[in-house]
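Following: one structure in structure tokens, then a few remarks.
The values are calculated or read from the model by the stated rules, or taken from the named source; none is laboratory data. Given the structure is predicted, the values throughout are model-derived calculations rather than measurements. FYI the Cβ positions are ideal-geometry reconstructions off the backbone, even for glycines, and counts take in every protein chain you see.
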Amino acid sequence: MIEHAKPTKMAAAPSAAAREHALISIVAPCFNESETVDLFADAIDNVLEGADFDCEIVFVDDGSRDDTRERLTRLAERREDVRVLILSRNFGKEAALTAGVDHARGDAVIVMDVDLQDPPELIRDFVRKWRDGFDVVYAAREDRQTDTAAKRATASWFYRLFNKISDIKIPENAGDYRLMDRRVVEHVKSLPERSRFMKGLFAWVGFRSIGISYSRPERAAGETKFNFWKLWNFALDGFTSFSTAPLRVWTYFGSIVAFVSALYALVIVFQTLIFGVDVPGYASLLVVILFFGSVQMISVGILGEYIARLFAEVKRRPIYIIDKVIGGPPEAPDAPVNT
Ligand code: UDP
Ligand code: MG
């Protein structure tokens, strides 16, 4: 076993030699993945046979209700390179990823789904690019043919809008699957927010990045855990975490409408003076009242989205709770940052 220097917080750029004898952590969140965890572990083994770096796998059981936990426990008991963090309930993928990244010990950390939609074959390319000097290597989907047309369309709208209104840019075709150098990981760990839109947080941290394109396969087994409603809330988390444009747009909208209303008021005054009092107007009045009633409700609703998230932030509850850690050497006392 190679001894790995304990990373210091916000360390300086590592030398190329440090990347030669490296420990790579693979972080995989699992929620009801009983059908895929063993396939995943085997696939990683196949791909990494004879690799010139050490590897540890950190599985995070995100409150699974099937036998994922038992399967992961068996894996951890059988293999020295597997560690399992069992969360006390389902906290969601972003929180599970946070837990995994917080507890990873590698010189570089790879986050990936356990359903083999993030092909393990890319790991060697990731490490190669990392050794070339890149701090972040992400997988860029060449196509999304395995997604439904509706998911492709909504994802594309989301990324376009997100990149327009937020201060950071996230590549349209990148998911979470990526390798991050230890320096990057330490900075990600230092971000204190409760609302974990990980893709945004990874991008916010910056550093020298490169994408490797791949075509996204189907899920190896099981079903997606994200329905439309979850994705919608995920998108709201993304917007509210990285942009205040939805809040500020109402100032401009209101100003424009006030200006137009003033002009219209002038028109009415002149019409009344020239042509006399004109009583009909029920339909237009009703339309205007309904329109502004709804616009106000939408703007209050958007305020509410931000206030709810502010509330969650000020409560400062932990992002996740770990029930048990199985396998691996004992935890370093300062390992978790976010619990
Ligand atoms: N996942 C999780 N917690 C959740 C939902 C999902 O840890 O609450 C994990 C899941 O086990 C998988 C990854 O997140 O490893 C991606 O989930 P999924 O494949 O369902 O998403 P999709 O690929 O359909 O976007
Ligand atoms: Mg998947």
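The set of residues in region 91-112 being within 16 Å of ligand 2 (Cβ to nearest atom) and over 12 Å from Val58 (Cα atoms) consists of Gly92, Lys93, Glu94.
Can you find a residue that is touching a residue at least 24 places away in the same chain (Cβ under 8 Å), farther than 16 Å from Lys225 by Cα, touching a Pro at 6+ places or on another chain (Cβ under 7 Å) and not polar (S, T, N, Q) anywhere in region 67-76? No, there is no match, as no residue in region 67-76 is touching a residue at least 24 places away in the same chain (Cβ under 8 Å), farther than 16 Å from Lys225 by Cα, touching a Pro at 6+ places or on another chain (Cβ under 7 Å) and not polar (S, T, N, Q). Flag not set for Glu35, criterion: over 20 Å from Arg178 (Cα atoms), out of contact with any strand residue (DSSP E or B) (no Cβ under 8 Å at 6 or more places or on another chain) and more than 16 Å from ligand 2 (Cβ to nearest atom). Scanning region 170-187 for residues that are in a strand (DSSP E or B) and crowded, with 23+ Cβ neighbours inside 10 Å gives Tyr177, Arg178, Leu179, Met180, Asp181.
Of the residues in region 110-130, how many are buried (at least 16 other Cβ atoms within 10 Å of the Cβ) and either more than 16 Å from ligand 1 (Cβ to nearest atom) or not in a loop (DSSP other than H, G, I, E, B) (or both)? Spell out how you get there, then give the answer.
Looking only at region 110-130, we keep the residues that are buried (at least 16 other Cβ atoms within 10 Å of the Cβ), and these are 110-120, 122-123, 126-127, 129-130.
Retained after the next criterion (residues that are either more than 16 Å from ligand 1 (Cβ to nearest atom) or not in a loop (DSSP other than H, G, I, E, B) (or both)): 110-111, 122-123, 126-127, 129-130.
Number satisfying all stated conditions: 8.
Condition check: within 26 Å of Ala28 (Cα to Cα), touching a residue at least 60 places away in the same chain (Cβ under 8 Å) and among the basic types (Lys, Arg). Does Arg152 satisfy that? For Arg152, the condition - within 26 Å of Ala28 (Cα to Cα), touching a residue at least 60 places away in the same chain (Cβ under 8 Å) and among the basic types (Lys, Arg) - is not met. For region 317-333, the candidate set comprises residues that are in a loop (DSSP other than H, G, I, E, B) and at pLDDT 90 or above; within that set, the residue that is surrounded by the most Cβ atoms within 10 Å (Cβ to Cβ) is Tyr320.
Taken together, the residues in region 52-86 that are of a type in the set (Lys, Arg) and in a loop (DSSP other than H, G, I, E, B) amount to 2.
Of the candidates Gln145, Gln117, the single residue that is in contact with a helix residue (DSSP H, G or I) (Cβ under 9 Å, 6 or more places away or on another chain), under 23 Å from Ser215 (Cα atoms) and polar (S, T, N, Q) is Gln145.
Among the residues that make up region 221-232, is at least one of them in contact with a strand residue (DSSP E or B) (Cβ under 6 Å, 6 or more places away or on another chain) and not hydroxyl-bearing (Ser, Thr, Tyr)? Checked against the condition, which is being in contact with a strand residue (DSSP E or B) (Cβ under 6 Å, 6 or more places away or on another chain) and not hydroxyl-bearing (Ser, Thr, Tyr), region 221-232 yields no hits at all. Annotation note: of Thr240, Thr272, the sole residue that is within 18 Å of the chain's Cα centre (by Cα) and either within 16 Å of ligand 2 (Cβ to nearest atom) or not in a loop (DSSP other than H, G, I, E, B) (or both) is Thr240.
Does Phe134 fit the bill of being more than 16 Å from ligand 1 (Cβ to nearest atom), assigned to a loop (DSSP other than H, G, I, E, B) and crowded, with 17+ Cβ neighbours inside 10 Å?
Working: more than 16 Å from ligand 1 (Cβ to nearest atom): yes; assigned to a loop (DSSP other than H, G, I, E, B): yes; crowded, with 17+ Cβ neighbours inside 10 Å: yes.
Taking the combined requirement at face value, the residue satisfies it.
If you take the residues in region 56-76 that are of a type in the set (Lys, Arg) and surrounded by fewer than 19 Cβ atoms within 10 Å (Cβ to Cβ), which one is nearest to Ile44 (Cα to Cα)? Among them, the one singled out is Arg74. Filter region 207-235 down to residues that are in a loop (DSSP other than H, G, I, E, B) and away from ligand 1 (no atom under 12 Å from the Cβ) and give me whichever is nearest to Met112 (Cα to Cα). Here the answer is Ser215.
Results for (1) within 12 Å of ligand 1 (Cβ to nearest atom); (2) free of Cβ contacts under 8 Å to residues at least 40 places away in the same chain; (3) farther than 27 Å from Arg144 by Cβ, shown as yes or no for each residue.
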residue	(1), (2), (3)
Asp54	no, no, yes
Ser64	yes, yes, no
Ala96	yes, no, no
Asp107	no, no, yes
